[in-house]
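Comments concern the structure below.
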Amino acid sequence: MLKKPLFKQTFVLLFVIGVADFFANTLYLYWTVWWFDMVMHFTAGICIGMATVLVWQYFFNQEMSIKKAVWTALVFTLAVGLSWEIFELYFELTFFSDGVAYVTDTSSDLILDLCGGLLGAIYAHRIVFK
């Protein structure tokens with residue numbers, strides 16, 4: 001698995017996300033650049049979608065249909081996205097009391113996660129199961 005091109009691409013993307021998150025927190029980009037959070041959620045969704053297909057192929061070593069790849073990736077992406085939103089609430093990075101802004105932000109975060117997961121799953125499926 002470590003020598004597969006998809007693993008390397010997924011790892012590089014994860015590293016880029018980590019570096020971007022570090023600088024975003026250091027430079028307050030999440031609070032000063034309104035679209036930065038959206039880019040991060042979409043990119044994280046791509047990474048999760050790619051990782052889902054990669055892990056499936058590694059553990060089960062069988063081909064999966066594009067439909068199964070997409071659905072599996074969407075489920076895992078949604079699980080990670082919801083976990084992240086709970087993390088934000090627990091550590092008071094966001095508040096229920098924000099009202100409509102909270103609902104809008106959370107909804108857009110989850111939608112962008114899922115869109116990224118969809119793209120990542122399709123890309124990974126094309127790479128792994130040519």
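The values are calculated or read from the model by the stated rules, or taken from the named source; none is laboratory data. The structure presented is a predicted model; accordingly, all values stated were derived computationally and were not measured. Glycine gets a Cβ as well: all are built from the backbone with ideal geometry, and neighbour counts include every protein chain shown.
In the range 11-32, which residue that is closer than 15 Å to Asp109 by Cβ and modelled with pLDDT of 95 or more is surrounded by the most Cβ atoms within 10 Å (Cβ to Cβ)? Per the stated criteria, the residue is Ala24. Residues of the range 96-109 that are touching a residue at least 12 places away in the same chain (Cβ under 8 Å) and either of a type in the set (Ser, Thr, Tyr) or part of a loop (DSSP other than H, G, I, E, B) (or both): Thr106, Ser108. Selection of the range 1-50 for residues being over 29 Å from Gln62 (Cβ atoms) and in contact (Cβ under 8 Å) with a residue 40 or more places away in the chain yields Asp37, Met38, His41, Phe42. Mind listing just one residue for me: the one in the range 81-107 that is among the polar types (S, T, N, Q) and modelled with pLDDT of 90 or more and, of those, nearest to the chain's Cα centre (by Cα)? The selected residue is Ser83. Set side by side, the residues Ala24, Ala20, Ala101 differ, and just one is closer than 30 Å to Lys3 by Cβ and small (Gly, Ala, Ser), which is Ala20. Residues that are within 12 Å of His125 (Cα to Cα) and in contact (Cβ under 8 Å) with a residue 40 or more places away in the chain within the range 55-71 comprise Gln57, Glu63, Met64, Ile66, Ala69, Val70, listed in sequence order.
Among the residues making up the range 100-124, those that are acidic (Asp, Glu) and either within 16 Å of Val75 (Cα to Cα) or in contact with a Pro (Cβ under 9 Å, 6 or more places away or on another chain) (or both) are Asp109, Asp113.
Picking from Leu6, Leu118, Leu78, Leu110, which residue would you name as being under 16 Å from the mean Cα position of the chain (by Cα), at pLDDT below 95, of a type outside the set (Asp, Glu) and surrounded by 11 or more Cβ atoms within 10 Å (Cβ to Cβ)?
Result of the check over Leu6, Leu118, Leu78, Leu110: Leu6.
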